[in-house]
Ligand SMILES: [Zn+2]
Ligand SMILES: [Zn+2]
């Protein structure tokens, strides 16, 4: 039985595929369970549940939310959540409100480093009324006079340049990093559990690597699973996190992190665990909504 528990639809700013297309594609891939896990959004979950009804596939309501864990940025997945839960919706609204209010602060910080940036350009590149990092970066890279700036030097306005600048200048603690509201891991795990959901840590091989003490801490806060199998994880990493999960009474999941053309390597259903049933049973056992 094939599953994919980490899929982004066009409710994610960097996703582009509609949930109906995702479900049709997933059925073609013979996936039996999928989770639509958009960034800080549950807007498409109901559509997905409706569209999958009477089809040979089950959709698990989910979201992927950035959290700070002792100064480190982690991605938390919540499965089987009640998408009508008031506190969960308030938390998501608070994150977006923070991003909206952070626009001026981000632009001021960029200007303070001697870079030219026009607010109008930032909003021209925004999806909806809230610009994401890529919009600021576009707006920096199109300015002719930024060409020789030490941060921009050698970059053009293509996707690789955007990724490079985002990593080198906008990452946590880097010089153009302007923090906006982000829930702590402990708080968000509570919100997910109170919404009847099941917290699972996403792609530990990307953010946590060998620091398994972080997994110990997250387990104390209440995570129930580890995304051990992930597109960019090495075989060794997957085996390490699988073993960690088993040794610690957690279940382990797989996710492609499908985004459409933004992340071409992340194909629907491209990674599977050796036992998907334990993942599905884990989610259904702990969720109060499934
Ligand atoms: Zn992620
Ligand atoms: Zn993701």
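No value in this document is a laboratory result; all are computed from the given coordinates. No experiment lies behind these values; they were computed from the predicted model shown. Every residue, glycine as well, gets a Cβ built from its backbone with ideal geometry; the counts of neighbours run over all protein chains shown.
Relative to the longest principal Cα axis of the chain, at what angle does helix 235-247 sit, 0 to 90 degrees, rounded to 10? Compared with the principal axis, the helix lies near 50 degrees. Among 203, 138, 153, the largest mean-square fluctuation in a Gaussian network model of the chain, built with springs joining Cα atoms closer than 10 Å, belongs to 153. Measuring nothing but how far apart in sequence close Cα pairs (under 8 Å, 6+ apart) lie, relative to its length, the chain scores a relative contact order of 22 percent. From the Cα gyration tensor of the range 179-290, with a ≥ b ≥ c the square roots of its eigenvalues, which class applies: rounded if a/c is under 1.5, or else prolate if a/b is larger than b/c, or else oblate? Because its axes are fairly even, with a/c under 1.5, the range 179-290 counts as rounded. Report the Cα centroid-to-centroid distance between the range 215-282 and the range 22-84 in angstrom, as an integer. Their Cα centres are 15 Å away from one another.
Listed by Cβ neighbour count within 10 Å, with the fewest neighbours leading, 90, 239, 121 appear as 90, 239, 121.
Note on residue 66 and residue 125: with the Förster distance fixed at 25 Å, the Cβ-Cβ geometry gives a FRET efficiency of about 0.75.
Counting only alpha carbon atoms, the long axis of helix 185-194 and the longest principal axis of the chain meet at about 50°. Taking every DSSP helix (H) stretch of at least 4 residues in the chain, weighting each as -39,500 (n - 2.57) and dividing the sum by the residue count yields a mean residue ellipticity at 222 nm of -12000 deg cm²/dmol. Ordering 161, 232, 13 from the fewest to the most neighbouring beta carbons within 10 Å gives 232, 161, 13. Angle, helix 19-28 long axis vs. longest principal axis of the chain, Cα atoms, 0 to 90°, nearest 10? Taking the Cα atoms of the chain, the angle to 19-28 is about 50 degrees. Do you know the relative contact order of the range 103-169, to the nearest whole percent, from alpha carbon pairs under 8 angstrom that are 6+ apart? Relative contact order for the range 103-169 comes out at 25 percent.
Considering only beta bridges that DSSP places wholly inside the chain, some 45 percent are antiparallel.
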